[in-house]
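One structure is given here, and the rest of the page talks about it.
The values are calculated or read from the model by the stated rules, or taken from the named source; none is laboratory data. Values in this document were obtained by computation on a predicted structure and should not be read as measured data. Note that each Cβ is placed from the backbone with ideal geometry, even for glycine, and that neighbours are counted across all protein chains shown. Side chains are part of the model used for accessible areas, which takes the heavy atoms of the whole protein and leaves out ligands, DNA and RNA. Shrake-Rupley method; radii C 1.70, N 1.55, O 1.52, S 1.80 Å.
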Amino acid sequence: MKIFADTSKVEEIREFASWGIIDGVTTNPKIIASDGNELEPTIKEICKIVPGPVSVEVTTNDFEGMVKEGTAYAAWAKNIVIKVPVIPAGLKATVALKAKGIKTNVTCAMSYNQAVLAAKAGATYVSLFYGRIGDLGYDPFIVIKDTAETFRLWGCKSEIISGSMRSLLDVNRSMQAGAHIVTVPPKFLRQMAENPQTEKTVNEFLEAWKGIKKK
Ligand code: E4P
């Protein structure tokens, strides 16, 4: 089970990396824009902090554009993974990028069928969007579980990333459904580490220790 940070916030990534709990990072154009970051320097900085895969998404939907952008981004660092959308041109770009030795994260998958096609195209990672699948009225737990079972059955090398987390329950259910990786926004990564009862207990122990030392 691997955990990625779903953010482009460099200081947050630095902190989670120091906890020793993140294996990689995912970004998308909306994340970069809402974090107020500039793409190239931010991604280069993240790649220095995290040795694992760092996903950066293309900003075009046409085949030539995706291959051109993906090839340029891949030269930024050794651990760059190119995110391409799971549309026909994106599948074609996945094949072309793979032929150049570039790793891909085929993204925005909302169904089992799209995930299977992404794997057939040679995606290194396939991103199924847990929250957005739920928005469509389908059960994302089942979609991930079925996809993971099929990938196992075929001996398929693509790894499933569960993204689009809306709650801590989505994170937990993604892991339980068999996603290889769950990509988690900072607020849920913090929530995973925190529990008011733990805080209360830790403080209780410390107070008891201080009491003994006073005697
Ligand atoms: C991760 O790879 C995805 O881009 C991200 O989790 C999408 O999240 P959203 O559905 O909240 O936009």
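At-a-glance table
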quantity: With 10 Å bins from 0: P(r) over the chain, alpha-carbon pairs, percent; calculated: 8, 32, 33, 15, 6, 4, 1, 0
quantity: Solvent exposure of the chain as accessible area per residue, Å², 1.4 Å probe; calculated: 52
quantity: Protein accessible area in the chain, 1.4 Å probe - carbon and sulfur %; calculated: 56
quantity: Fluctuation leader among A118, A75, A109 - the chain, Gaussian network, Cα springs under 10 angstrom; calculated: A75
quantity: Dipole magnitude of the chain, debye to nearest 20 (Cβ charges: Lys/Arg +1, Asp/Glu -1, about Cα centre); calculated: 560
quantity: Among I22, L136, I102 the positive-end extreme of the charge dipole of the chain (Cβ point charges); calculated: I22
quantity: Whole-number percent relative contact order across the chain, with pairs defined as alpha carbons under 8 Å at least 6 apart; calculated: 17
quantity: Probe 1.4 Å - accessible area at K210, Å² to nearest ten; calculated: 110
quantity: Normalised contact order of region 1-44, rounded percent, pairs of Cα under 8 Å and 6 or more residues apart; calculated: 46
quantity: From phi via Karplus (6.51, -1.76, 1.60), per-residue ³J(HN,Hα) for region 136-151 in Hz, x at Gly/Pro; calculated: 7, x, 9, 8, x, 4, 5, 4, 5, 4, 5, 5, 4, 5, 5, 4
quantity: Selection from T71, C47, S34, by position along the positive dipole direction of region 24-74 (Cβ); calculated: C47
quantity: Nearby lysines by direct alpha-carbon distance to K92 (threshold 20 angstrom, same-chain neighbours under 8 apart not counted); calculated: K68, K83, K100, K103, K120, K157
quantity: Set of lysines near K48 by C-alpha distance (under 17 Å), chain-local residues within fewer than 8 positions excluded; calculated: K9, K78
quantity: Accessible-area value, W154, 1.4 Å probe, nucleic acids and ligands omitted, Å²; calculated: 140
quantity: Size of electric dipole in region 33-83: Cβ of Lys, Arg +1 and of Asp, Glu -1, about Cα centre, debye, nearest 20; calculated: 280
quantity: Extension gain (nm, one decimal) between N113 and F205, 0.36 nm per residue minus Cα-Cα; calculated: 27.9 nm
quantity: Amide H contacts under 5 Å for G24, placed H, 5+ residues apart; calculated: A5
quantity: Cβ-based net charge around R152, under 15 Å, with every Lys or Arg adding one and every Asp or Glu removing one; calculated: -1
quantity: R0 of 22 Å, Cβ-Cβ distance Q191-D135: FRET efficiency to nearest 0.05; calculated: 0.55
quantity: Heavy-atom accessible area ranking, 1.4 Å probe, most first, across Y125, Y138; calculated: Y138, Y125
quantity: Per-residue SASA entry for F141, accessible area with 1.4 Å probe, Å² rounded to 10; calculated: 30
quantity: Charge dipole magnitude, Cβ of K and R +1, D and E -1 - region 108-215, Cα centre, debye nearest 20; calculated: 500
quantity: Gaussian network model of the chain, springs between alpha carbon atoms under 10 Å - residue of E57, E194, E45 with greatest fluctuation; calculated: E194
